[in-house]
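To keep things clear, I will list the structure first and then write my remarks on it.
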Amino acid sequence: MKAGHDVELIWTAPGDDNNWGQGTLYDIRYSSVPIGFDTLNWWHSAIRVDSVPEPSPAGHKDSCLVRNLVIDSSFYFAIKTSDEAHNWSDISNIVEIPPLFCMDITGDDLINILDAIYLLNYLYKNDDLSLSLETGGDVDSSGDINILDAVFIIYFCYKDGPPPDCRH
């Protein structure tokens, strides 16, 4: 992870005609603004993702890595698919990626094992590292900063665990 963090989107490829065949193009977009009722306006103002893969046959898994998102914002993602005649699908279901700032214990805009080590050091030595529920540390949203928060960071970074919800 460089400045910010990366998000891997994974979905099931739709077909060309409903659940058969294979689409031709994907258009993936995201925004920090929730979609609301005006989906067309949201779609046109959202950021288009570069380096989008070609669609797989219907029913197969596809994925796309979106890089360098800031960790203190929510992001909303949507996908459209086109067939060979340039008929575009409707907007897919919207996926929200919540902010992750409560996991950045070291304050370096990275989420990695150093955050877990820093948190464990804080808990073991009870150092004055100025962790609080407002600035980060309560990764599992339990209302306390404890060893389970370090476990949550490790699970998220290395075992595909769920992202935290830092909006408490």
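The values are calculated or read from the model by the stated rules, or taken from the named source; none is laboratory data. The structure presented is a predicted model; accordingly, all values stated were derived computationally and were not measured. In this analysis, Cβ positions are derived from the backbone assuming ideal geometry, glycine residues included, and neighbour counts consider all displayed protein chains.
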If we keep only residues of the stretch 97-116 that are surrounded by 17 or more Cβ atoms within 10 Å (Cβ to Cβ) and not in a loop (DSSP other than H, G, I, E, B), then the residue modelled with the lowest pLDDT is Phe101
Do we have Asp50 as closer than 25 Å to Asp83 by Cβ, at pLDDT below 95 and assigned by TED's automatic domain parsing to the domain that holds Asn93 here?
yes
Checked the stretch 139-161 for anything surrounded by 19 or more Cβ atoms within 10 Å (Cβ to Cβ) and either under 14 Å from Ile111 (Cβ atoms) or of a type in the set (A, V, I, L, M) (or both); matches are Val139, Ile145, Asp149, Ala150, Phe152, Ile153, Phe156
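Results for (1) touching a His at 6+ places or on another chain (Cβ under 7 Å); (2) at pLDDT below 80; (3) in the same structural domain as Gly59 (by TED's automatic domain parsing), shown as yes or no for each residue.
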position	(1), (2), (3)
Ser73	no, yes, yes
Ser82	no, no, yes
Asn87	no, no, yes
Tyr118	no, no, no
Leu133	no, yes, no
Ile154	no, no, no
Scan of the stretch 48-78 for residues that are in contact with a Ser or Thr (Cβ under 8 Å, 6 or more places away or on another chain), in a strand (DSSP E or B) and surrounded by 13 or more Cβ atoms within 10 Å (Cβ to Cβ), ordered by number:
Asp62, Cys64, Phe75, Tyr76, Ala78
